[in-house]
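Participant: One structure, pasted below without further comment.
The values are calculated or read from the model by the stated rules, or taken from the named source; none is laboratory data. Nothing here was measured: the structure is a model prediction, and the numbers come from that model. Every residue, glycine as well, gets a Cβ built from its backbone with ideal geometry; the counts of neighbours run over all protein chains shown. Keep in mind that these areas ignore ligands, DNA and RNA; they rest on the heavy atoms of the full protein, side chains included. Shrake-Rupley method; radii C 1.70, N 1.55, O 1.52, S 1.80 Å.
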Amino acid sequence: MTRYFLTASAAAIALAASAGYAAARDQIQIAGSSTVLPYAKIVAENFGETYTNFKTPVVESGGSGAGIKEFCKGVGENTIDIANSSRKIKEDEVKSCADAGVKDVQEVKIGYDGIVFATDINGPDWALTPADIYTAMAAQVVVDGKLVANPNTKWNQVNPNLPDWDIAAYIPGEKHGTREVFEEKLMTEGCKSTGALEAIKAAGQDDKVAGKTCVAVRKDGKAIDIDGDYTETLARIASNKTGVGVFGLSFYENNADKLKVATVEGIVPSTETIAKGEYPVSRPLYFYVKKAHLGVVPGLKEYVDFFLDDQMVGPESPLAEYGLVAAPDAERQQQRDDFDAGKTM
C-alpha cells in the first residue's frame, strides 16, 4: 500500500484556508471504545515511531457511544478526528453527526473480537449458554407463565451445573459498545431460547416493547454496570473471587494468568474459534474518520493507511498478537480500497 506524506506546514496552510478554522491542530485526536483502545494505542505508538514528521496521535477511551457523541459534535480543530467503536454506528448517530455538520464519515473495519465471561483463575470451570445468562441477568423472567421480578440469587438456581455462588456479574455499562453486543447476542437470544419472548408477547407487549423487556438487566445489585474499562472489571473480580466479569477476548488473553474463561454453547473463545465463526459471541470492531479533517490535520490519512496495512492488522501483526482476530484477506483489501476511494456512509 502506498502512503502519502503531508508536511505539518502544508497541513497548516490547508487548515487556515478551510472555512471555520482559525489555526492548525498538529496532532490527531481519537476517542471511544475501550475494546479498540489497546489496538489503537499500539498503532499510534508504532505510527509515531515510524513517521517522525508527525506527532504521535492522542488516543483516549470513554466507550463507543461517548466517542461517537464527541465525534459528532462538529467539524473543526476543537473536535476529534476519529471515533473508535466496538459496534456499528447507529442511524440516529449518523443523523446527529450530519445535523452538526459532520456529513462525510468514513467507516473502517479493523477486524474482529469476542466477548467472554471470566472468573477468578482459581474458580471452577464454567459452561454457559445465552439461556443461563438471560435467566441470571434479566430484570424480569417468566415463572409459571407469568412475568415476575427475577427471583434467582445463585448461579445454581439458574442451572444446577453452575456453582453454588451468589450471582454477582460485572457487565459493561450502557455507554459501551460491548453492552449492545451483550444485549443482542446473549440477552435477546436467551430470552428467545427460554420461551420468555413468546410469553412476554402473549402478555400483550408489542415487538418493540418486548425486545426492550428482554434486554432489561436487573437492578437489585446482582448485575453491576461497569462504566470504566476492563481493568475496573478485573479489579472487581480481584476483590470478589466469586464474581463473574464480561471482557473482550484480547483483554482476557492478556490476563489469562488471573482469569478463567467460560465456554459459551460449549465453545471455548479463542482467535481460532472466532475466525471460524464457531464462537457465538463475536463482533466486528470499527473506527470512524471525519473526512473533512483528512488533508487538514497532519498525518490523519497516513495514520489510517498505516492502521489498515497488513503489518498492523494482518494475521502476523502486533494487533493479532495482542488478540485481534484478523479479517479475511479480501475483506482487509476492501477496507483499504474503500478508504482510498473516499467512500462515505
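Participant: Within the bounds of segment 318-326, is there any residue that is in contact with an Asp or Glu (Cβ under 7 Å, 6 or more places away or on another chain) and at positive phi?
Facilitator: Within segment 318-326 (the criterion being in contact with an Asp or Glu (Cβ under 7 Å, 6 or more places away or on another chain) and at positive phi), the answer is yes, since at least one residue qualifies.
Participant: Just one of Gly48, Gly74 is in a helix (DSSP H, G or I), of a type outside the set (A, V, I, L, M) and modelled with pLDDT of 50 or more; which is it?
Facilitator: Among Gly48, Gly74, only Gly48 is in a helix (DSSP H, G or I), of a type outside the set (A, V, I, L, M) and modelled with pLDDT of 50 or more.
Participant: Just need a number here: residues in segment 176-212 that are farther than 22 Å from Gly145 by Cα and among the hydroxyl-bearing types (Ser, Thr, Tyr).
Facilitator: Residues flagged as farther than 22 Å from Gly145 by Cα and among the hydroxyl-bearing types (Ser, Thr, Tyr) within segment 176-212 amount to 1.
Participant: So, in segment 201-214, exactly how many residues are open to solvent by 30 Å² or more (accessible area, probe 1.4 Å) and either modelled with pLDDT of 95 or more or of a type in the set (Ser, Thr, Tyr) (or both)?
Facilitator: 0
Participant: OK, next. Which residues, counting only those in segment 227-241, are open to solvent by less than 50 Å² (accessible area, probe 1.4 Å) and modelled with pLDDT of 95 or more?
Facilitator: Thr233, Leu234, Ile237, Asn240
Participant: Among the numbered conditions (1) surrounded by fewer than 19 Cβ atoms within 10 Å (Cβ to Cβ); (2) small (Gly, Ala, Ser); (3) more than 30 Å from Pro315 (Cα to Cα); (4) free of Cβ contacts under 8 Å to residues at least 40 places away in the same chain, tell me where Gly277 comes up short.
Facilitator: Here Gly277 meets the rest and fails (3).
Participant: I'd like the full set of residues that are assigned to a strand (DSSP E or B), among the hydrophobic types (A, V, I, L, M, F, W, C) and open to solvent by 20 Å² or more (accessible area, probe 1.4 Å), limited to segment 138-155.
Facilitator: Those that are assigned to a strand (DSSP E or B), among the hydrophobic types (A, V, I, L, M, F, W, C) and open to solvent by 20 Å² or more (accessible area, probe 1.4 Å): Val142, Val143, Leu147, Val148, Ala149.
Participant: Another question, then. Within the bounds of segment 111-127, is there any residue that is within 25 Å of Pro172 (Cβ to Cβ), free of Cβ contacts under 8 Å to residues at least 24 places away in the same chain and of a type in the set (Asp, Glu)?
Facilitator: No, there is no match, as no residue in segment 111-127 is within 25 Å of Pro172 (Cβ to Cβ), free of Cβ contacts under 8 Å to residues at least 24 places away in the same chain and of a type in the set (Asp, Glu).
Participant: Among the residues of segment 180-198, are any β-branched (Val, Ile, Thr), in contact (Cβ under 8 Å) with a residue 12 or more places away in the chain and farther than 30 Å from Ala66 by Cα?
Facilitator: Yes: one or more hits.
Participant: Being among the small types (Gly, Ala, Ser) and open to solvent by 70 Å² or more (accessible area, probe 1.4 Å) is the filter; apply it to segment 300-345 and report the residue that is modelled with the highest pLDDT.
Facilitator: Ala341
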